[in-house]
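Notes follow once the structure below has been shown.
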């Protein structure tokens, strides 16, 4: 497989996962604000923190209003990770490699992008928002299902899986980082209003509420939610599950030593984390999450340096440079 094709498929999966996660975050936050009294100290700025785009937002907008945040995260083409930008990037990466995947995948991605462009601006009003966002989520999930059900288990599928699982792990840690910082008490006497409802929103942001209730069988509490989202080996959006999948897929590729070592290292950090202890110290938890995210960046760099163009080794993980890479064969030494 050409490294150009491998990188494009990797980024198709990352951008589609990013679009789905962004739509879910906006939808869950909308419901959370409707459930809370107006006196609750909640708003839309948290979503900007989760996506790590505070500087970009401040360059374009002067306040964290609902209108501004929705425009930035969903329709703003100047923000490279907005919902429309992510779908456009996924479509463009797939367009240049569509002879590698079944035609139905290209048709679904192209149709999803066209629908989002046609309806995004007019569908973010509260009355139509949920329906629009659910169509985006289901459209992205349909593409995932098409990859799973129609693409042969070749190197093409491997790079799709690597991109999807790394993006999922990254988003899970971002949500845990920002939400837990607002929810976990800094002393035993400190109580967070509506804590149970907010931790439920964390799980729903990752479509994990029902699976949590089935597997944990306890009421929704911060330490249990953190344990589930970081360490649960059977939940597809838990960090441990994503890293296990990445390691398994890397072993099917040539020259996997360096990226597998990076994956194994960050997986060990997850396994060794004392989540119960970290839950009692939000500052320590944030440091632990920051370390994991650095590990994800290192893993991305290792994959890029090994299988994509040499000059991508230090490229930021939220940025595709598919036009700059060489057409090296993956199985060359």
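Does the range 28-45 include one or more residues that are within 14 Å of the chain's Cα centre (by Cα) and modelled with pLDDT of 85 or more?
No, the conditions are met nowhere in the range 28-45.
Take residues that are buried (at least 23 other Cβ atoms within 10 Å of the Cβ) and in contact (Cβ under 8 Å) with a residue 60 or more places away in the chain and tell me which of the helices (runs of 4 or more DSSP H) falling wholly in the range 206-269 contain 2 or more.
Correct list: 239-250.
Which of the residues belonging to the range 135-166 are in contact with a helix residue (DSSP H, G or I) (Cβ under 6 Å, 6 or more places away or on another chain) and under 19 Å from residue 84 (Cβ atoms)?
Within the range 135-166, 136, 137, 139, 140, 142, 143 meet the criteria.
If I go through the range 48-64 residue by residue, how many of them are closer than 14 Å to residue 79 by Cα and at pLDDT 90 or above?
10
Within the range 276-287, how many residues turn out to be surrounded by fewer than 20 Cβ atoms within 10 Å (Cβ to Cβ) and either in contact with a strand residue (DSSP E or B) (Cβ under 9 Å, 6 or more places away or on another chain) or not in a loop (DSSP other than H, G, I, E, B) (or both)?
Final tally of qualifying residues: 7.
The values are calculated or read from the model by the stated rules, or taken from the named source; none is laboratory data. No experiment lies behind these values; they were computed from the predicted model shown. All Cβ positions, glycine included, derive from the backbone under ideal geometry; neighbour counts span all protein chains shown.
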